[in-house]
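This report refers to the structure that appears directly beneath it.
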Amino acid sequence: MENNFDINNLVRENLKLMKPYSSARDEFEDFDTADMIFLDANENPFQNGVNRYPDPQQSNVKKVLAKQKKLQTNQILLGNGSDEVLDLIFRAFCEPKVDNVITLPPTYGMYGVLANINAVENREVLLSEDFQPQVEKILEAVDSTTKIIFLCSPNNPTANSFSDESVVKLLQNFKGLIVIDEAYIDFSKKQSWMNELDEYHNLVITQTLSKAYGLAGIRLGICYASSEVISVLNKIKPPYNVNELTQLRALERLSNPEKIKSEIVSIIEQREELLKVLVDVKFVEKIYPTEANFILIKVDDANKRYNELISKGIVIRNRTTQPLCENTLRLTIGTESENTILMKALKELN
């Protein structure tokens, strides 16, 4: 069901007529012409593998992703981590000191940070007690200057996915962008919302190679959206925002999907083993449902248990300061051997 979304009502006025920067590599795009002499970009001519500027559109990486995700390359934007992608979305669609966005705490903290950096009001609407969006309250918080609603599903730090009914209702009733952060989607039984991009033109999906793909160190974030949204973001992105080494490492990793799948299976198996043990840990008061590569638990005293695990050489995340998360700890799923050490430590703390 289309909600008569019009991107021209969202794009900042100063960007509509803006002419984007055109780099040397934008003007001559054929990187594979071996017999050409490149004297256009003021580069060092001595070959060392990284003396040339990278492809500003990351064409080879996008082609692989487009094939794997069954999308077009003009529906994909790559960034220096998902944080850059999210920042570009703010900068393209939110007028500083005028517009606002809506976030749903407890959630990923960078949405609020980026709102502050871009001088955009962040209207927080808490999740329900079972960590689901309170759709009616969200829609009540919307006004004519609300540009984006951020949904993290599966959510960080709660690990659960949002109900399809809630997401659809927001997509159908909000005239701005719905950004669904799917950093943890590979660990969930739910399908990605990217399958609905043709249905909802106000839908934007962000994903990452940091979690299931195991490439946190190369910083590669992905945005999937309509070609119209991607075109706006391309207009303002830095010309060479994804470096050559990142592109090469991403291509190498993406070429072995079976290995990625096997690692995801292993993480899910270890997640289930840890869940079994947590049931019998006396200081654990609640184990929240998880569709991510981590588990959120409520304990008797989060600060105490956090420090006890530190003393055993295990670093977890204390989330007790977050809304609705008093006395909670977040446990990331490690390797089988790391998981075994964690489970042993938890039993000893009884």
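The values are calculated or read from the model by the stated rules, or taken from the named source; none is laboratory data. On a predicted model such as this, the values are computed, not experimentally measured, just so you know. Cβ coordinates were reconstructed from backbone atoms using ideal geometry, including for glycine residues, and neighbour counts include every protein chain displayed. With ligands, DNA and RNA removed, areas are computed over all heavy atoms of the protein, side chains included. Shrake-Rupley method; radii C 1.70, N 1.55, O 1.52, S 1.80 Å.
Annotations
- Solvent exposure of the chain, expressed per residue, is 49 Å² of accessible area, with all protein chains present and a 1.4 angstrom probe.
- Of every Cα-Cα pair in segment 217-287, the percent that sits beyond 17 Å: 68
- Net charge contributed by nearby residues that have their C-beta within less than 15 Å of residue 293 (K/R +1, D/E -1): -3
- P(r) weight above 13 Å for segment 33-80, C-alpha pairs, percent: 66
- Exposure ranking of 306, 224, 288 by accessible area [1.4 Å probe, largest first]: 306, 288, 224
- Coupling constants for segment 48-53 follow from the phi torsions by the Karplus curve (6.51 cos²θ - 1.76 cosθ + 1.60, θ = phi - 60°), and in residue order they are 9, x, 9, 7, 9, 5 Hz; glycine and proline get x.
- The alpha carbon gyration tensor of segment 83-150 gives principal lengths a ≥ b ≥ c with a/c of 1.5 or higher and a/b no greater than b/c, which makes the shape oblate.
- Overall form of segment 154-269 per C-alpha gyration tensor (a/c, 1.5; a/b vs b/c): oblate
- Taking the Cα atoms of segment 1-143, the ratio Rg/Rh between the radius of gyration and the Kirkwood radius comes to 1.07.
- Across the alpha-carbon set of segment 108-218, the Rg to Rh ratio works out to 0.95, Rh being the Kirkwood radius.
- Computed 3J(HN,Hα) for segment 239-248, one whole-Hz value per residue from the Karplus formula 6.51 cos²θ - 1.76 cosθ + 1.60 where θ = phi - 60°, is x, 10, 6, 10, 6, 4, 5, 5, 4, 5, glycine and proline marked x.
- Rg and Dmax, both from the Cα atoms of segment 225-338 and both in Å, are 19.6, 55.
- Segment residue 40-residue 24, extension gain: residue separation times 0.36 nm, minus the distance between their alpha carbons: 5.1 nm
- Overall form of the chain per C-alpha gyration tensor (a/c, 1.5; a/b vs b/c): oblate
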